[in-house]
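Data first, discussion second: the structure below is written as structure tokens.
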Amino acid sequence: MADSGSPRKREEKEEEEDIVCLDPSFFVDRSYEMTTFTFGSLELRLLCLRAASTDFDLTGQLVWPGAVLMNNYLSQHPEIVKGCSVIELGSGIGITGILCSRFCKEVVLTDHNDEVLEIIRKNIELQSCSENAHAVLTAEKLEWGNSDHLSGIIEKHPESFQQSSISCLFDTVEKIVRIQAGKCRFILAYVSRTKVMDALVLKEAEKHGLCVEEVDGTRTTISNLEGVIFDITLK
């Protein structure tokens, strides 16, 4: 039998004393920098990180190649969203939704992460001082595949739609398109990383009754990856 002064007891006590509890915010980087982005003749000034926080769920704090691909496309073809109401799926810092606000009447930027929603709202506030923003900009929480979140957004913004796991994404896209009775379209800026993912995107779209068409002339290389714009509608 080991008493309280035995080496084993002392070792267990030392291990307990070594335990350090960290608040989740310890892993969150909020050192946002004001950054200027240029797409065609349009210039955006937004807060963002240069690299993501250590929390894997906070990738929305920086700008990804898919967003650059989408913004380049929309800046060249603003007629696609001109005068429309737009819902952006997975807004990140809001760079695409805010670009759309130059042409649209209403833009709803969405993300499932509260920390990311906070930076979206800060970037929306920056636009209130800009003479270039014409649309009403709002931020809403939306977890892909969450019917309650989606219903709440549709109820508050009945005319809205647009953009960015795959199955949950297409669950949400299908619901929005069907709610709008096929009157809207989903524009996907897709950056290829693996052949498996490429096939999965097409498979999930097919499973959800959606037609995927590659937009002519949009296939390009961005950040050493192949990107393309897809126009997705109900079959």
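Roughly how far apart, in whole Å, are the Cα centres of the stretch 187-235 and the stretch 77-117? First find each Cα centre; the distance between them is then 19 Å.
With neighbours defined as other Cβ atoms within 10 Å of a residue's Cβ, the residues Thr38, Thr218 order from fewest to most as Thr38, Thr218. Among Arg121, Arg219, the ranking by other beta carbons within 10 Å of each residue's beta carbon, starting with the fewest, stands as Arg219, Arg121. Neighbour counts of C-beta atoms inside 10 Å place Phe186, Phe103 in the sequence Phe103, Phe186, starting with the fewest. Over the C-alpha atoms of the stretch 59-210, the Rg to Rh ratio, Rh being the Kirkwood estimate, stands at 0.94.
Bear in mind these aren't lab numbers, they're just calculated from the coordinates by the rules spelled out. Predicted model, so just to flag it, every value in this text is computed and none were measured. For neighbour counting, all protein chains shown are included, and Cβ atoms are generated from backbone atoms with ideal geometry for every residue, glycine included.
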